[in-house]
Number of protein chains: 4
Amino acid sequence: MALTPTPEHKFTFGLWTVGNRGRDPFGEFVRPPLDPVTAVHRLAELGAWGVNFHDNDLVPIDASPADRDRIVRDFRRALDDTGMTCPMATTNLFTDPVFKDGAFTSHDGRVRAYALQKTMRAMDLGVELGAQTYVFWGGREGAEVDAAKDPVEAIKRFREAIDFLCEYAIDQRYALRFALEAKPNEPRGDLYFPTTASYLGLIPTLAHPEMVGVNPEVAHEQMAGLNFFHAVAQALEAGKLFHIDLNDQKPGRFDQDLRFASESIKPLFFLVKLLEESHYDGPRHFDAHAYRTEDQEGVWDFARGCMRTYLILKQKARQFCEHAGIQALLAEIRDGSGAGHAGPYSRARAEELKAQTFDRAVLAKRRLPYERLDQLVVELLLGI
Amino acid sequence: MALTPTPEHKFTFGLWTVGNRGRDPFGEFVRPPLDPVTAVHRLAELGAWGVNFHDNDLVPIDASPADRDRIVRDFRRALDDTGMTCPMATTNLFTDPVFKDGAFTSHDGRVRAYALQKTMRAMDLGVELGAQTYVFWGGREGAEVDAAKDPVEAIKRFREAIDFLCEYAIDQRYALRFALEAKPNEPRGDLYFPTTASYLGLIPTLAHPEMVGVNPEVAHEQMAGLNFFHAVAQALEAGKLFHIDLNDQKPGRFDQDLRFASESIKPLFFLVKLLEESHYDGPRHFDAHAYRTEDQEGVWDFARGCMRTYLILKQKARQFCEHAGIQALLAEIRDGSGAGHAGPYSRARAEELKAQTFDRAVLAKRRLPYERLDQLVVELLLGI
Amino acid sequence: MALTPTPEHKFTFGLWTVGNRGRDPFGEFVRPPLDPVTAVHRLAELGAWGVNFHDNDLVPIDASPADRDRIVRDFRRALDDTGMTCPMATTNLFTDPVFKDGAFTSHDGRVRAYALQKTMRAMDLGVELGAQTYVFWGGREGAEVDAAKDPVEAIKRFREAIDFLCEYAIDQRYALRFALEAKPNEPRGDLYFPTTASYLGLIPTLAHPEMVGVNPEVAHEQMAGLNFFHAVAQALEAGKLFHIDLNDQKPGRFDQDLRFASESIKPLFFLVKLLEESHYDGPRHFDAHAYRTEDQEGVWDFARGCMRTYLILKQKARQFCEHAGIQALLAEIRDGSGAGHAGPYSRARAEELKAQTFDRAVLAKRRLPYERLDQLVVELLLGI
Amino acid sequence: MALTPTPEHKFTFGLWTVGNRGRDPFGEFVRPPLDPVTAVHRLAELGAWGVNFHDNDLVPIDASPADRDRIVRDFRRALDDTGMTCPMATTNLFTDPVFKDGAFTSHDGRVRAYALQKTMRAMDLGVELGAQTYVFWGGREGAEVDAAKDPVEAIKRFREAIDFLCEYAIDQRYALRFALEAKPNEPRGDLYFPTTASYLGLIPTLAHPEMVGVNPEVAHEQMAGLNFFHAVAQALEAGKLFHIDLNDQKPGRFDQDLRFASESIKPLFFLVKLLEESHYDGPRHFDAHAYRTEDQEGVWDFARGCMRTYLILKQKARQFCEHAGIQALLAEIRDGSGAGHAGPYSRARAEELKAQTFDRAVLAKRRLPYERLDQLVVELLLGI
């Protein structure tokens, strides 16, 4: 029962995830289009809490105003009928050829202006449907040719756009928080702001830093071989974990967007444990898609699997806390954590510290039974 | 002549770089120890401006006070005799077994206290020898076993240490700036603060953010396959490029510390161009070492090569600015940068923008001759 | 003049390379379709020697027999009019959804049968147009789910297909050699036969090993961070370099297919040197495409750049051989290569060897001025 | 009980693994030397079957003949007392500075001769102690400077050495098989024969291919992001899996040699399943070491963990075969494997195949429930 997803678990999916049709650089679509209304109903049946979208996942880029209104009305009715929420929205600033060299960082001022317009309209749409978080992923903000673009200028342009859009949200009295999503590369050779931390560095330089946080994605950090658990910990510690994208990825390759925890079992156990034990109460958003070998029914297998594995890992996180062997080792490992604590600086404390005698050899001998601890964790994961 | 290094180029080397003896995980030392005094003299002859050190590069960890004084006196005399500077110093918080599980982030409060003591003493030594920048590389601040350490707590401990040491520097009236150096892994499975941007995210949360910047290292970003030029650009844009470690590295493997620009010719051309065109006036520090196949004389070939290639790339950066073909392409590419500029937010501007009509197809057709531009850069680099 | 491509340089391009329309996982086409006849004419003007194709680059998968004949006639006329050759052909076994789980390694015997049919027909077409090399790239031969496919069985199925097709070629008296092309991943999570060496291991187990060699591709080895120059050297040493795909790639990321040597200047210099100095006389085939930011004219800039950089590096390979400093260092490094040579085994030789006394310390001191040599190579490349 | 290691499981450890003292490029030894005799006794108590060694793990490189004899006698007595075996031996051709630029591929003929001598003597020692497999890992056979060494020549030199040593073994009537072990890099920038497949390509070109196989190592393939399970499958299919090195590794970084399956739970489950289901009856050799944070007792925790996790995964491999849900999905997936089978070539079969009509759309719709299957595997692993 603990493994049955319910709305209180706050699981969400993007329309583009269950709606992914399996096209890739070497192959054509393998699945038919998925109607957003159907997506809402099926996800609700599976126990999801909400559904998110890029503007053009819902409303095609060339839709007439009448079409837009009809689509939104139908979609809202599906939400109402199912009790599903729409907690997050975002803008597609990468599919159309107009964005071939970026949106907010394009050299072409008209493209930058259009990107702002498109985002304002998409924010309106998102808020209309209840979104409280607005995600920015700069899919084309990057370069293959570093001679062609000044990365310092690109940062300034990106900041200018975010500052403008923060003001817009404030002016419209939108209760929106922004979440910036990083990725190291793909589709561009190198993307600006390649890691979650790049945005943690940017945010304090914005006009409204309090409105802006991050949206880390498992696959995106793992593409660069980075420890996602550590990246999320830094975002949390900075009070900036506004949203999260859950999926999976083998390091050092193309963006795979695999079913959550289908590959990185141990790392993602620690992630789930961190999310559950911190006070993160935002959506658990799955930004992944089914293998291209699946048909449409397989997409729902995929969605079920994401939620189910999350709940299994959550259960294991509780077991970790109740596991006598693990807790005894942790107590041993943490023993003496407080000893010699430096505390706030004072001249006296500094002088005292400088005069102190340390026996390096004794300190170095301190037993740290990490092999035993890690083995217990592996066995907990393996259900032994 | 433009390729002859002189002190005005501000080239510096670490004692540990030319003093590297070629031990690695699979092999023993191949070169004899290098006396710091000899290092200073040889580097001065080659045209370097300064030399940097970890405390224990100069003074062995178990040196008696008398030994320490003699070593420092001899070293200072070598600096005076040669006119060499010592602009940067740092602490070795990784070699001794006492730091096997970290220094500032160790679970053991006594180890953390000892790390503070060691750093204060090393700061004293650095300042005594003229250092103005103090580098922190947390070589053991990380984990293999994520069950064993809480990364949120690790960040807090690290911050506490830096805050304490900032206060110490202020209290001692040291004109020191701190530069934090990131690395994704090695010697730990994963290091906390894996990228330069991780520190850019941390710094605004410190008690004295104005005193603290970053020390990006080519190899460390490239180990994770990240674009170093972009990372340095972000540090510069944030006003946080306090120091830089120049070397080279093939991505996705162990820390190689190769001769500067011996592998990444194009990426490091853009780096040199950026450093020279920005107002970065700090040291050009080489944190690299000779191949293990070299004997002691080969070490000086290595050092010569680092400086010479930097100067060649600097010369090419000037040629880039004077190259009619490149500049014409850049002018074409940047044409229209100002058009449609959003400017600061106002409700009127937002409304105007939202109402504007954009012809996506026309904007998408905009010619961006990046292949031609990049080819000209490659040919400039190849001397054609 | 040495930098002007002519047919004797044997430069070839795939129809799919200059015909690449810039679609990627996050964006739509940016360039119009390129007619094969136009491609032939433009490439001929630029100095290329030939053009290669997948069956469906030339003849759409659903073309009627009449359409096929018309297309082939027009294409052949373009070849005749320009003097261009068509030295290599291959099969598209990855775009159509029928191949979603592989072609020769599919679980479905009907898919495997269809893949054979499609390849036999494509071989007929290739031979009709003059192809002497037939390339196999198993774009979908791999897995995301290792539970679903037995990799041992996959190897057997692949071998069965190649053996069948060798027999077909022999039976048809086609003067074709097969060249197997490896890739570690993308579009599948993991591809079988991930490296060129995987095929070097397979070939001796085939029914007609003498007919089968490899087609190494720069990007594919570099995706896994492997040294492409070494991979090609092994293929050459084994007498198995039947074709080569030239492009470029940053390691550890999605398949970029960049303009030849636009990134990996030094590694690809050694490659060109090896190709020119060995007796490889096959095509220099560019399997790359223009940046997605380019319009159609930019595609020809891209094509020009590939050939021009190859010729520049070829010129530098000659300079390397004539460079007194480099040659003197090489002579020093190679001095003593013959000493102590083991020669063929004999009991006497073994006993003599076992009894010999070696002074390890003396041998270890041998000077190997690799820093100096590599610096000279870098300067040669930089045109100093 | 199924999780208690016993000799019949054929678990072996290298002396260098449990004897690893925790030195790394940035830190000194943290553990005291481990006497080989003690290692044998402790490993026997833990349930291991055997112990392996490099010549100098047992006998120091400068040991006198008398010392050698005493050490070997003591070691043999420990084997006899415990019933432990010594199934594999190998040569250390990398630690001593004499091998700084390679052993069998060194430019210096005297170094090559010394490497042969050292290997013959080490083979004698290994055979004396019962070894039946002799491993070759070319730790220094590689380059940082591709100008300095000809990789074609390096391959020829390596082949010459292996051929010589095969003859030596035959001449001595040693019942030894050779197992070649690949690694992509570290300690050299690039190693020749970077992957297991590189050796599968070499072996058929040797004078005695039947005597020579491979020794794949988990960490070494995973460093390059390659699928180890697939690599071992190819070795098995070729009849060349003569030995195996079990450990673990995060991709794209330095050689970690982690406790078996401590990171790559799912991939190494498939490996164990493959080893157990194939007819591989060689040692399950752990080539790993304890975290540097461990003391000596922690080393035995590490060794226990390696064996225990192997046995857990072996148990799960059996469960996989008995799992009704998994087996039903596999049956569905494999249905039709035989349909349309090509069989051996005949002209009639080719003509029939070419004339056949395939409905691509129907074949493409074939359901492949890989998400469901993979989810069941993940749940099996998680003990649900």
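The values are calculated or read from the model by the stated rules, or taken from the named source; none is laboratory data. Just so it is clear, the structure is predicted and the values come from calculations on it, not from any experiment. For neighbour counting, all protein chains shown are included, and Cβ atoms are generated from backbone atoms with ideal geometry for every residue, glycine included. Each accessible area value is taken on the protein alone, full model and side chains, heavy atoms only, with ligands, DNA and RNA left out. Shrake-Rupley method; radii C 1.70, N 1.55, O 1.52, S 1.80 Å.
Cβ-Cβ distance below 7 Å, separation of 6 or more or different chains: which pairs start in the stretch D:31-46 with a residue that is part of a helix (DSSP H, G or I) and end on one that is open to solvent by 60 Å² or more (accessible area, probe 1.4 Å)?
Every condition considered, the pairs that remain are D:LEU46/D:ARG304.
Of all residues in the stretch C:327-340, which are open to solvent by 50 Å² or more (accessible area, probe 1.4 Å) and at pLDDT 95 or above?
Let us first name the residues in the stretch C:327-340 that are open to solvent by 50 Å² or more (accessible area, probe 1.4 Å), namely C:327-328, C:331-332, C:334-335, C:338.
Listed by number, the residues that qualify are C:GLN327, C:ALA328, C:ALA331, C:GLU332.
I'd like to verify a number: residues in the stretch B:130-148 that are out of contact with any Phe, Trp or Tyr (no Cβ under 7 Å at 6 or more places or on another chain) and surrounded by fewer than 24 Cβ atoms within 10 Å (Cβ to Cβ), how many?
3
From the list B:ALA147, B:ALA197, pick out the single residue that is facing chain A (nearest Cβ under 7 Å), among the hydrophobic types (A, V, I, L, M, F, W, C) and within 28 Å of C:PRO251 (Cβ to Cβ).
Values: B:ALA147 fails: within 28 Å of C:PRO251 (Cβ to Cβ).
Checking each option against the conditions leaves just B:ALA197.
Any residue in the stretch D:204-217 that is open to solvent by 40 Å² or more (accessible area, probe 1.4 Å) sitting within a Cβ distance under 9 Å of a residue that is among the small types (Gly, Ala, Ser)? List the pairs, counting only those 6 or more apart or interchain.
Close Cβ pairs (under 9 Å, with a partner that is among the small types (Gly, Ala, Ser)) amount to D:PRO204/C:GLY201; D:PRO204/C:ALA238; D:THR205/C:ALA238.
Determine whether the stretch A:288-307 contains at least one residue that is open to solvent by 40 Å² or more (accessible area, probe 1.4 Å), over 30 Å from A:ASP257 (Cβ atoms) and at pLDDT 95 or above.
There is no residue in the stretch A:288-307 that is open to solvent by 40 Å² or more (accessible area, probe 1.4 Å), over 30 Å from A:ASP257 (Cβ atoms) and at pLDDT 95 or above.
Of these, B:ALA238, B:ALA231, B:ALA207, which one is touching a Ser or Thr at 6+ places or on another chain (Cβ under 6 Å) and either over 28 Å from A:ARG157 (Cα atoms) or facing chain A (nearest Cβ under 9 Å) (or both)? Talk me through it step by step, then tell me what you get.
Values: B:ALA238 fails: touching a Ser or Thr at 6+ places or on another chain (Cβ under 6 Å); B:ALA207 fails: touching a Ser or Thr at 6+ places or on another chain (Cβ under 6 Å).
Unique residue meeting the criteria: B:ALA231.
Considering each of D:ALA317, D:ALA324 in turn, give the residue that is more than 27 Å from D:ARG188 (Cβ to Cβ), surrounded by fewer than 24 Cβ atoms within 10 Å (Cβ to Cβ) and touching a helix residue (DSSP H, G or I) at 6+ places or on another chain (Cβ under 6 Å). It would help to see each step written out before you state the result.
On the way: D:ALA324 fails: touching a helix residue (DSSP H, G or I) at 6+ places or on another chain (Cβ under 6 Å).
The conditions single out D:ALA317.
Going through the stretch B:346-380 one residue at a time, which ones are at the interface with chain C (Cβ under 9 Å from one of its Cβ atoms) and open to solvent by 40 Å² or more (accessible area, probe 1.4 Å)?
B:LYS365, B:ARG366, B:ARG367, B:ARG372
Any idea which of A:GLY383, A:GLY343 is outside any helix (DSSP H, G or I), surrounded by 13 or more Cβ atoms within 10 Å (Cβ to Cβ) and either more than 14 Å from chain D (Cβ to nearest Cβ) or at positive phi (or both)?
On the way: A:GLY343 fails: surrounded by 13 or more Cβ atoms within 10 Å (Cβ to Cβ).
Selected residue: A:GLY383, the only one of A:GLY383, A:GLY343 that is outside any helix (DSSP H, G or I), surrounded by 13 or more Cβ atoms within 10 Å (Cβ to Cβ) and either more than 14 Å from chain D (Cβ to nearest Cβ) or at positive phi (or both).
Out of the stretch D:47-78, which residues are among the polar types (S, T, N, Q), assigned to a helix (DSSP H, G or I) and open to solvent by less than 20 Å² (accessible area, probe 1.4 Å)? Write out each step before concluding.
Going through the stretch D:47-78, the residues among the polar types (S, T, N, Q) turn out to be D:52, D:56, D:64.
Right, trim to assigned to a helix (DSSP H, G or I) and you get D:56.
Selection gives nothing.
Take the stretch D:95-124 and flag every residue that is in a loop (DSSP other than H, G, I, E, B) and on the phi < 0 side of the Ramachandran plot.
To start, the set of residues in the stretch D:95-124 that are in a loop (DSSP other than H, G, I, E, B) comprises D:95-96, D:100-108.
Hits for the stretch D:95-124 are D:THR95, D:ASP96, D:LYS100, D:ASP101, D:ALA103, D:PHE104, D:THR105, D:SER106, D:HIS107, D:ASP108.
If we scan the stretch B:312-326, do we find a residue that is part of a helix (DSSP H, G or I), facing another protein chain (nearest Cβ under 7 Å) and either farther than 26 Å from B:ASP245 by Cβ or not aliphatic (A, V, I, L, M) (or both)?
Of all residues in the stretch B:312-326, those part of a helix (DSSP H, G or I) come to B:312-322, B:324-326.
Subsequent filtering for residues that are facing another protein chain (nearest Cβ under 7 Å) retains B:312.
Subset that is either farther than 26 Å from B:ASP245 by Cβ or not aliphatic (A, V, I, L, M) (or both): none.
Checked the stretch B:312-326: no residue is part of a helix (DSSP H, G or I), facing another protein chain (nearest Cβ under 7 Å) and either farther than 26 Å from B:ASP245 by Cβ or not aliphatic (A, V, I, L, M) (or both).
Check off (1) part of a loop (DSSP other than H, G, I, E, B); (2) within 30 Å of D:LEU258 (Cβ to Cβ) for A:VAL378 and give me the number that stays unchecked.
Going through the list (1) part of a loop (DSSP other than H, G, I, E, B); (2) within 30 Å of D:LEU258 (Cβ to Cβ), A:VAL378 breaks only (1).
Does A:ASP81 meet the test of being part of a helix (DSSP H, G or I), surrounded by fewer than 16 Cβ atoms within 10 Å (Cβ to Cβ) and of a type in the set (Asp, Glu)? Steps first, answer last, please.
Details: part of a helix (DSSP H, G or I): yes; surrounded by fewer than 16 Cβ atoms within 10 Å (Cβ to Cβ): yes; of a type in the set (Asp, Glu): yes.
Here the answer is yes, as A:ASP81 does meet what is asked.
I'm trying to understand the selection: among the residues of the stretch D:2-33, which are buried (at least 19 other Cβ atoms within 10 Å of the Cβ), under 30 Å from B:ARG21 (Cβ atoms) and away from chain B (no Cβ under 14 Å)?
D:LEU15, D:VAL18, D:GLY19
The conditions are (1) buried (at least 24 other Cβ atoms within 10 Å of the Cβ); (2) touching a Gly at 6+ places or on another chain (Cβ under 7 Å); (3) not hydroxyl-bearing (Ser, Thr, Tyr), and B:GLN249 fails exactly one of them. Which is it?
Checking B:GLN249 against (1) buried (at least 24 other Cβ atoms within 10 Å of the Cβ); (2) touching a Gly at 6+ places or on another chain (Cβ under 7 Å); (3) not hydroxyl-bearing (Ser, Thr, Tyr), the one that fails is (2).
Restricting to the stretch B:256-280, name every residue that is surrounded by fewer than 20 Cβ atoms within 10 Å (Cβ to Cβ), at pLDDT 95 or above and outside any helix (DSSP H, G or I).
B:SER278, B:TYR280
Could you please find all residues in the stretch D:188-203 being assigned to a loop (DSSP other than H, G, I, E, B) and either open to solvent by less than 10 Å² (accessible area, probe 1.4 Å) or under 23 Å from D:ALA169 (Cβ atoms) (or both)? First the steps, then the outcome.
Start the filter on the stretch D:188-203 by keeping residues that are assigned to a loop (DSSP other than H, G, I, E, B), which leaves D:188-189, D:192-195.
Of everything in the stretch D:188-203, those that are assigned to a loop (DSSP other than H, G, I, E, B) and either open to solvent by less than 10 Å² (accessible area, probe 1.4 Å) or under 23 Å from D:ALA169 (Cβ atoms) (or both) turn out to be D:ARG188, D:GLY189, D:TYR192, D:PHE193, D:THR195.
Is one or more of the residues making up the stretch C:104-115 touching a residue at least 60 places away in the same chain (Cβ under 8 Å), open to solvent by 10 Å² or more (accessible area, probe 1.4 Å) and in contact with a Leu (Cβ under 9 Å, 6 or more places away or on another chain)? Give the derivation first.
Here is the first cut: in the stretch C:104-115, the ones touching a residue at least 60 places away in the same chain (Cβ under 8 Å) are C:105.
Still in the list and also open to solvent by 10 Å² or more (accessible area, probe 1.4 Å): none.
The answer is no; no qualifying residue exists.
Pairs only if they're at least six apart or on different chains, beta carbon under 9 angstrom, first in the stretch B:158-187 and within 11 Å of chain A (Cβ to nearest Cβ) and open to solvent by less than 40 Å² (accessible area, probe 1.4 Å), second part of a helix (DSSP H, G or I) and aromatic (Phe, Trp, Tyr); list them, first residue then second.
B:ALA182/B:TYR199
Based on this model, can you work out whether C:ASP281 counts as within 13 Å of chain B (Cβ to nearest Cβ) and farther than 30 Å from A:LYS100 by Cβ?
Spelling it out, it is not the case that C:ASP281 is within 13 Å of chain B (Cβ to nearest Cβ) and farther than 30 Å from A:LYS100 by Cβ.
For the stretch B:141-176, give me each residue that is assigned to a helix (DSSP H, G or I) and of a type in the set (Val, Ile, Thr). Lay out the reasoning, then the answer.
From the stretch B:141-176, those assigned to a helix (DSSP H, G or I) are B:151-171; that's our starting set.
Result: B:VAL152, B:ILE155, B:ILE162, B:ILE170.
If we keep just the residues of the stretch A:229-255 that are among the acidic types (Asp, Glu) and not in a loop (DSSP other than H, G, I, E, B), which is nearest to the chain's Cα centre (by Cα)?
Quick first cut of the stretch A:229-255, residues among the acidic types (Asp, Glu) only: A:237, A:245, A:248, A:255.
Applying the additional criterion that residues be not in a loop (DSSP other than H, G, I, E, B) yields A:237, A:245, A:248.
Details: A:GLU237: 16, A:ASP245: 3, A:ASP248: 11 Å.
Once the filter is applied, the top-ranked residue is A:ASP245.
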